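Participant: Sending over a structure as structure tokens; questions will come in a sec.
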Amino acid sequence: MENKLFVYNTISRTKEAFEPINPPLVGMYVCGPTVYGDAHLGHARPAITFDLVFRYLQHLGYKVRYVRNITDVGHLENDADEGEDKIAKKARLEQLEPMEVVQYFTDRYHINMNQLNVLSPSIEPRASGHIIEQIEIVKKIIEKGYAYETNGSVYFDVVKYDSSHHYGKLSGRILEDLLSNTRALDGQDEKRNAADFALWKKAEPEHIMRWPSPWSDGFPGWHMECSAMSCKYLGEHFDIHGGGMDLLFPHHESEIAQSNIANDKEPCKYWLHNNMITINGQKMGKSLGNFITLNEFFAGSHSSLEKAFSPMTIRFFMLQTHYRSTLDFSNEALIASEKGLKRLMLAMEILDKLKPSEVSTTDISQLSNKCYEAMNDDFNSPQVLANLFDTVRFINGVNDNDETITADDLQKLKVIYTTFVIDLLGLRNETNTDQIEIIDSLMTMILNTRNLAKINRDFAVSDKIRADLNKIGIAVKDNKDGSTWSFGI
């Protein structure tokens, strides 16, 4: 592969060489959460996926303007054009103002993102803060003849759009199939066609969140916010638009239609979508009631969890699977991720203690090349981890005096691990430094006791200490200079 980044563009369904529109600036817009409840595992995946993209583009030298929105109005139940606003419903049930709900869960979302070591975006706009911009886009679409007003609501004319464009090119849908398979809904009589979607909705008397517009006191349709905010902060045509696979239709499909008419151009050059997280083969999400919140993972408080799992275990679990592949939740998979993360972090600790020799018994330069090749192949984080784990064996070998490494190669290896593990994959050691020092001191005392038993030829005690340590996951290896220990994972 060339030393160039290739990304899988959802709209072309092929890997394409990444060429920014206006280098060195890269504009990236990612659909953020609708903040009416605690973040769950499904929210973590796009956050971690596009954090990886953000980190790597910056590492390559690009200046990245990363916009991740907060949806705080207009997202109705079941992603439809009818029903109650998700945030307004939460506010009614809790007897709060809608913006109290928004602020509370936005703050909790930010705490969770910090725990997962997800970098903050460059800009984090809210839908409710961009009502004027959304109204202006609706006006433009009406003026061009692709939207119509009915009873104070405004709808996008999908049938007319499809006559000159392809509505469904992102999701692979065909309009005729959509029209024949769409069942009648409440308020359907307002639409000319079942596939038409709301650009502006007239608020019913009981609807709390409303703004004045040329058509009615109401609120924008869910799809409109991303078109307005991406255009404001990144321009009419920007580099990357990302989000979860569940947003392909109708959300992103409708964004494309709106932007094509309002601005006479595609909204972005590359569409990137992370795949879903499943539990027992079914998509995990709030609407299905089978989600587990991040706070429940961290506390181990959900009935489906065997134990608590740390934020870095969750991040490592995500990165072990390519972002475009489905990721199935299980306790066994998370426990394996926990062990893998400990093994990787232990290798980094050992790196700092290794003593260099005059020769190296492996070629360190190949590791860096392999890791960059993996990242350049559509951000292939599982392959990066596989490459790093191949070298963990070598690191342990040097520690056990079975392998050797020069001072120059040791420094290169430290840089590679810091670059890929810490800077790009965003992993960090969650073990407290004081705890590490205490463990080291205790193990030194235990091994000294064992060595004394060996000197006194009390092999029964020596063997028992070794066996007892092995039972709790600590491996002891004897060599000519004494004994070394490691977590036996």
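The values are calculated or read from the model by the stated rules, or taken from the named source; none is laboratory data. Here the structure is a predicted model, which means the values were calculated and not measured. Quick reminder, even Gly has a Cβ in these numbers, built from the backbone with ideal geometry, and neighbours come from all protein chains shown.
Participant: Please enumerate the residues belonging to the range 309-327 that are part of a loop (DSSP other than H, G, I, E, B) and touching a residue at least 60 places away in the same chain (Cβ under 8 Å). Steps first, please.
Facilitator: Taking the range 309-327 as the starting set, the residues that turn out to be part of a loop (DSSP other than H, G, I, E, B) are 309-310, 320-326.
Within the range 309-327, SER310, GLN320, THR321, HIS322, TYR323, ARG324 meet the criteria.
Participant: Filter the range 371-388 down to residues that are touching a helix residue (DSSP H, G or I) at 6+ places or on another chain (Cβ under 6 Å) and buried (at least 17 other Cβ atoms within 10 Å of the Cβ), then give me how many there are.
Facilitator: In the first step, residues of the range 371-388 are kept if they are touching a helix residue (DSSP H, G or I) at 6+ places or on another chain (Cβ under 6 Å); the result is 371, 374-375, 379-381, 383-384, 387.
Subset that is buried (at least 17 other Cβ atoms within 10 Å of the Cβ): 371, 374-375, 379-381, 384, 387.
So the count comes out to 8.
Participant: In the range 257-280, which residues are more than 20 Å from the chain's Cα centre (by Cα) and either closer than 24 Å to THR326 by Cβ or modelled with pLDDT under 90 (or both)?
Facilitator: ASN280
Participant: Could you tell me whether the range 471-487 includes any residue that is modelled with pLDDT of 85 or more and surrounded by fewer than 13 Cβ atoms within 10 Å (Cβ to Cβ)?
Facilitator: No, because not a single residue in the range 471-487 is modelled with pLDDT of 85 or more and surrounded by fewer than 13 Cβ atoms within 10 Å (Cβ to Cβ).
Participant: Continuing with the same structure: When you scan the range 260-273, do you find a residue that is of a type in the set (Ser, Thr, Tyr) and not in a helix (DSSP H, G or I), even just one?
Facilitator: The first filter runs over the range 260-273 and keeps only residues of a type in the set (Ser, Thr, Tyr), leaving 270.
Those left that are additionally not in a helix (DSSP H, G or I): 270.
Yes, some residue in the range 260-273 is of a type in the set (Ser, Thr, Tyr) and not in a helix (DSSP H, G or I).
Participant: Is the range 91-101 home to any residue that is within 30 Å of SER310 (Cα to Cα) and either crowded, with 16+ Cβ neighbours inside 10 Å or among the small types (Gly, Ala, Ser) (or both)?
Facilitator: yes
Participant: So for the range 42-61 (the condition being more than 30 Å from ASN295 (Cα to Cα), touching a residue at least 12 places away in the same chain (Cβ under 8 Å), in contact with a helix residue (DSSP H, G or I) (Cβ under 6 Å, 6 or more places away or on another chain) and surrounded by 20 or more Cβ atoms within 10 Å (Cβ to Cβ)), does at least one residue qualify?
Facilitator: No: zero hits.
Participant: With the condition kept exactly as written, say whether any residue in the range 15-26 is modelled with pLDDT of 95 or more, more than 22 Å from ILE277 (Cβ to Cβ) and of a type in the set (Asp, Glu).
Facilitator: Within the range 15-26, one or more residues are modelled with pLDDT of 95 or more, more than 22 Å from ILE277 (Cβ to Cβ) and of a type in the set (Asp, Glu).
Participant: Can you tell me which of MET229, MET209 is among the hydrophobic types (A, V, I, L, M, F, W, C) and outside any loop (DSSP other than H, G, I, E, B)? Step through it out loud before you land on a result.
Facilitator: Values: MET209 fails: outside any loop (DSSP other than H, G, I, E, B).
The conditions single out MET229.
Participant: Quick one: ILE11 ticks every box in (1) modelled with pLDDT of 95 or more; (2) among the hydrophobic types (A, V, I, L, M, F, W, C); (3) surrounded by 22 or more Cβ atoms within 10 Å (Cβ to Cβ) except a single one, so which number is it?
Facilitator: ILE11 satisfies all of (1) modelled with pLDDT of 95 or more; (2) among the hydrophobic types (A, V, I, L, M, F, W, C); (3) surrounded by 22 or more Cβ atoms within 10 Å (Cβ to Cβ) except (3).
Participant: If you take the residues of the range 202-219 that are crowded, with 19+ Cβ neighbours inside 10 Å and among the aromatic types (Phe, Trp, Tyr), which of them is modelled with the lowest pLDDT?
Facilitator: Filtering the range 202-219 for residues that are crowded, with 19+ Cβ neighbours inside 10 Å and among the aromatic types (Phe, Trp, Tyr), the one modelled with the lowest pLDDT comes out as PHE219.
Each row is one residue, and each column tells you yes or no for (1) aliphatic (A, V, I, L, M); (2) within 18 Å of the chain's Cα centre (by Cα); (3) in a helix (DSSP H, G or I).
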position: ALA44; (1), (2), (3): yes, yes, yes
position: PHE54; (1), (2), (3): no, yes, yes
position: ARG65; (1), (2), (3): no, yes, no
position: GLY74; (1), (2), (3): no, no, no
position: GLY83; (1), (2), (3): no, no, no
position: ILE87; (1), (2), (3): yes, no, yes
position: ALA91; (1), (2), (3): yes, no, yes
position: GLN103; (1), (2), (3): no, no, yes
position: ARG108; (1), (2), (3): no, yes, yes
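Participant: What helices (runs of 4 or more DSSP H) completely inside the range 111-200 contain at least 2 residues that are assigned by TED's automatic domain parsing to the domain that holds GLU84 and touching a residue at least 40 places away in the same chain (Cβ under 8 Å)?
Facilitator: Working: elements: 131-143, 158-164, 175-181.
Qualifying helices (runs of 4 or more DSSP H): 131-143, 158-164.
Participant: Looking only at the range 328-373, count every residue that is more than 28 Å from GLY281 (Cα to Cα), without any contact (Cβ under 8 Å) to a residue 40 or more places away in the chain and in a helix (DSSP H, G or I) and tell me the total.
Facilitator: 3
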